[in-house]
Amino acid sequence: MEFVNKTKINKFILLGLSQNPQIQVILFQIFLLCYMSTLLGNLLLMVAVRMDSRLHHSMYFFLVNLSFLDICYTSIIVPKMLVNIAVSSKNISFAGCLLQVYFYLLMGETECILLAFMAYDRYVAICKPLHYNMIMNPVLCFRMISVSWVTGCIISSIDIYFMSHLRFCGPTTIDHFFCEAPSLLQLSCSDISVNNIVTMVGSSILLVVPVCLILFSYMHIFLVLVKIRSRRFKAFSTCVSHLIVVIIFYGTATSMYMRPRYSATNVTDKMVSVFYTVVTPMLNPVIYSLRNKDVGRALRRMKKWMAVQ
């Protein structure tokens, strides 16, 4: 991907979460632990589903893709942040900054759509159990995943296209720990009204539409669960896992990207960004493992298998 740099600026400076050296050491340890936990948790979940043939159906197919997205999502941001702390260099090139924006938007936007499709999967499983295997067949699941990636790629490409044609005259300091779009737009000396409109339209498509689909799915699920008694707890448990992830991810993303105008980045904004870029990818495998007995059993079987090798 080639970006057009219409400015003399060839790098930016990321201020990070703190300028205090002692706090930076603590932050390095915390984020390194979070990153390793994210990699380990999501990889274990992916391997457990792969090794257990009883989990080879659509729900866990989507879950594996969610884990893969979470690994990619956090890997775009956290390693660079750790390097900046470790070597005391906060520089990032102009092209590197735009690439970071592009890929984290791509992964985040793809996850927005994937979470909506996961809600639809739960709707079919609970509301139409006799037709579940026929409706949620491998072809449809593959198409859903493809739609998620293609839509995320298109919208993120539009965002980065308009952003790459902005002029940056200085300052070059980004008051954030990564190149987040709102923070980068604040540094432009061009008119960013078009960028704000594009971002708001894209955010509306990727946040409002999926949320409506999720609400529609869970409204029908709730009505069905009220009427049935058998296996209600198991159905409710799998739904709760997904709802927790949805609330955390959509809640934090909405607070950042559904604003009429971007205000100056502050400590609260940074904490919100930490939550959906670092904390959520780390928590997802934990949430699904604790609330889903099938995943828990698969992980225990994998542990036993590794113990005898």
> If Ile23 satisfies every condition in (1) under 22 Å from the mean Cα position of the chain (by Cα); (2) in a helix (DSSP H, G or I); (3) among the hydrophobic types (A, V, I, L, M, F, W, C); (4) more than 27 Å from Ile135 (Cβ to Cβ) but one, which is the exception?
Replying inline: (1)
>> Looking at Leu33, Leu17, can you tell me which residue is in a loop (DSSP other than H, G, I, E, B) and either aliphatic (A, V, I, L, M) or touching a strand residue (DSSP E or B) at 6+ places or on another chain (Cβ under 7 Å) (or both)?
In response: Leu17
> Counting only residues that are free of Cβ contacts under 8 Å to residues at least 40 places away in the same chain and of a type outside the set (D, E, K, R), which one in segment 191-207 is nearest to Glu111 (Cα to Cα)?
Replying inline: Val201
>> Against the conditions (1) over 20 Å from Cys34 (Cα atoms); (2) within 17 Å of the chain's Cα centre (by Cα), where does Met134 fall short? Just the number, please.
In response: (2)
> Looking at segment 263-296, which of the residues that are basic (Lys, Arg) and at pLDDT below 70 is surrounded by the most Cβ atoms within 10 Å (Cβ to Cβ)?
Replying inline: Arg291
>> Against the definition (polar (S, T, N, Q), surrounded by fewer than 13 Cβ atoms within 10 Å (Cβ to Cβ) and at pLDDT 90 or above), how does Ser193 come out, yes or no?
In response: no
> Just one of Ile135, Ile92, Ile126, Ile145 is within 19 Å of Thr277 (Cα to Cα), touching a helix residue (DSSP H, G or I) at 6+ places or on another chain (Cβ under 9 Å) and of a type in the set (Val, Ile, Thr); which is it?
Replying inline: Ile92
> Hey, Leu114 hits all of (1) out of contact with any Cys (no Cβ under 7 Å at 6 or more places or on another chain); (2) touching a residue at least 60 places away in the same chain (Cβ under 8 Å); (3) surrounded by 20 or more Cβ atoms within 10 Å (Cβ to Cβ) but one; which does it fall short on?
Replying inline: (2)
> Among the residues of segment 196-210, how many are modelled with pLDDT under 85 and in contact with a Phe, Trp or Tyr (Cβ under 6 Å, 6 or more places away or on another chain)?
Replying inline: 1
>> I want to confirm something. Restricting to segment 222-257 and keeping residues that are under 12 Å from the mean Cα position of the chain (by Cα) and of a type in the set (Ser, Thr, Tyr), which single residue is modelled with the lowest pLDDT?
In response: Thr252
> Restricting segment 8-23 to residues that are surrounded by 15 or more Cβ atoms within 10 Å (Cβ to Cβ) and aliphatic (A, V, I, L, M), which is modelled with the lowest pLDDT?
Replying inline: Ile9
>> Can you confirm whether Ile92 is touching a residue at least 40 places away in the same chain (Cβ under 8 Å), outside any helix (DSSP H, G or I) and not hydroxyl-bearing (Ser, Thr, Tyr)?
In response: yes
> Can we say Thr38 is touching a residue at least 12 places away in the same chain (Cβ under 8 Å), crowded, with 22+ Cβ neighbours inside 10 Å and either farther than 17 Å from Pro281 by Cβ or touching an Asp or Glu at 6+ places or on another chain (Cβ under 8 Å) (or both)?
Replying inline: yes
> Is there a residue in segment 66-80 that is charged (D, E, K, R) and outside any helix (DSSP H, G or I)?
Replying inline: no
> When you go through Ile197, Ile160, Ile154 one by one, which is the residue that is touching a helix residue (DSSP H, G or I) at 6+ places or on another chain (Cβ under 8 Å) and not acidic (Asp, Glu)?
Replying inline: Ile160
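The values are calculated or read from the model by the stated rules, or taken from the named source; none is laboratory data. In this text, all values refer to a predicted model and were calculated from it rather than measured experimentally. Here the Cβ is made from the backbone with ideal geometry for all residues, glycine too, and neighbour counts use every protein chain on show.
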